[in-house]
Amino acid sequence: MSRSAFEPTLANFSNPFLRYFTATRPAFLVATLAACLLGQTGAIYSGIQIQPLTAALTVLLALTVHAGVNVINDYFDALNGTDAANTERLYPFTGGSRFIQNGILTPKQIAHFGYLLLGITTVGGLWLSWQVGSGLLLVGAAGTFLGWAYSAVPLRLNSRGLGELCVLLGFLAIVVGSDYVQRQAFSFQPYIVGMPYALLVTSLLYINQFPDRNADTMAGKRNLVVRLPSASAVWGYLLLIGAAMIWLVAMVQLGKLPVLALLSALPLVFSLCAFWVLRQFFAQPAQLLPAIKWTLASMLSHALLLVIILLWKSQ
């Protein structure tokens, strides 16, 4: 696949600030924003009074660490050749930001920027931990480490078939950390509200790996989609969606969530549509764009509905 007309070029980014900002793939940071809102809304639902300043700072730091992880991932995927070899990419969803491959930033600039973002997050996280409790240090350190280790050498966890677990735990950590900042203690509540969303985010990573499969194979990235026969790997997507549904229903049955929370499962219909497309076209990457978009719509719509329902039931 030749370079898409929608891919970034140096001519489009004469402004240095815009160049670096766009390199973070800001449109996809909404996934972290949704995780923060779920954590904070779960705290409200359990009777916690939200502190606006620390809530806003939590969101800002979470977005910054996600941005740093995106940039670091681009750097290491450039080093191992994955993105350069990816001729079947579906930009902007797969194949990286293309900032290195299209000559907008050098690998060294990308690496320095990524580590700068992680450093800023570390300083901010230390201050916030001093304000709300040392437990946040554990959550923040774990989440940042997972984001870095996902693609960074020598760990390269995604290449070892652990990428899905990294994403699941990483987004759960965002929900848990957002709750902890307000509650100033650990609770099971963020797992109750956050697990279905974390599973749906993981399903987005999972389906994105199908268009990248050939490039990942050539680069030695042995993620689950590469390790499994393609026809079998598609069922992993359905497993993630099913697990999200089962968790949500179980929490309602146990009285941990209101019955109305079941409405937040309605967007999973989008995921089922995505599975139907994936089942048909797993070997034809160019046909998977609607499935990726439906997966994204499913996870964000679920989070939005659950946030609205919990806020309404908290009144």
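Averaging the Cα positions of each part gives two centres, and for the stretch 32-56 and the stretch 234-264 these lie 21 Å apart. About its Cα centre, the stretch 10-313 has a charge dipole of approximately 140 debye under the convention of +1 per Lys or Arg Cβ and -1 per Asp or Glu Cβ, with nothing else charged.
On the principal axes of its alpha-carbon atoms, the stretch 160-315 has extents of 51, 29, 22 Å, going from largest to smallest.
If the cut-off is a Cα-Cα distance under 27 Å, which lysines reach K256, setting aside same-chain residues fewer than 8 apart in sequence? Within the straight-line limit of under 27 Å, K256 reaches these lysines: K313. Calculated on C-alpha atoms, the gyration radius of the stretch 223-307 divided by its Kirkwood radius gives an Rg/Rh of 1.04.
Taking label points 7 Å from Cα along the Cα-to-Cβ direction, F6 and N214 give a separation of 2.0 nm.
Note on the stretch 74-89 and the stretch 98-170: Cα centroid distance 18 Å, given to the nearest whole angstrom.
Computed over the stretch 62-153, the range of Cα coordinates on each principal axis works out to 47, 23, 21 Å, biggest value leading. Ranked for footprinting exposure by Cβ neighbours inside 10 Å, fewest first, F210, F6 give F6, F210. The distance between label points at S314 and L126 comes to 3.1 nm (points 7 Å beyond Cα on the Cα→Cβ vector).
Over the Cα atoms of the chain, the radius of gyration divided by the Kirkwood radius equals 0.96; this is the Rg/Rh ratio. Projecting the Cα positions of G125, F99, F13 onto the charge dipole of the stretch 1-145 (unit charges on Cβ atoms of Lys, Arg, Asp and Glu, taken about the Cα centre) puts F13 furthest along the positive direction. Taking other Cβ atoms within 10 Å as a rough exposure proxy, K256, K221 sort from fewest to most as K256, K221. Work out the charge dipole of the chain with +1 on the Cβ of Lys and Arg and -1 on the Cβ of Asp and Glu about the Cα centre, then indicate which of C36, W235, V181 is farthest towards its positive end. Selected residue: W235. The chymotrypsin sites (Phe, Trp or Tyr not before Pro) of the stretch 171-227 meeting both criteria, a DSSP state outside H, G, I, E and B (loop) and at most 16 other C-beta atoms within 10 angstrom of the site's C-beta, are F186, F188.
The order of E88, E164, going from fewest to most other C-beta atoms within 10 Å of their C-beta, is E88, E164. If the segment from S14 to L138 were pulled out straight at 0.36 nm per residue, it would be longer than the present Cα-Cα gap by 40.6 nm.
Only the coordinates and a few stated rules stand behind these numbers; no lab work does. Everything numeric here is computed off the predicted structure, so don't read it as measured data. In this analysis, Cβ positions are derived from the backbone assuming ideal geometry, glycine residues included, and neighbour counts consider all displayed protein chains.
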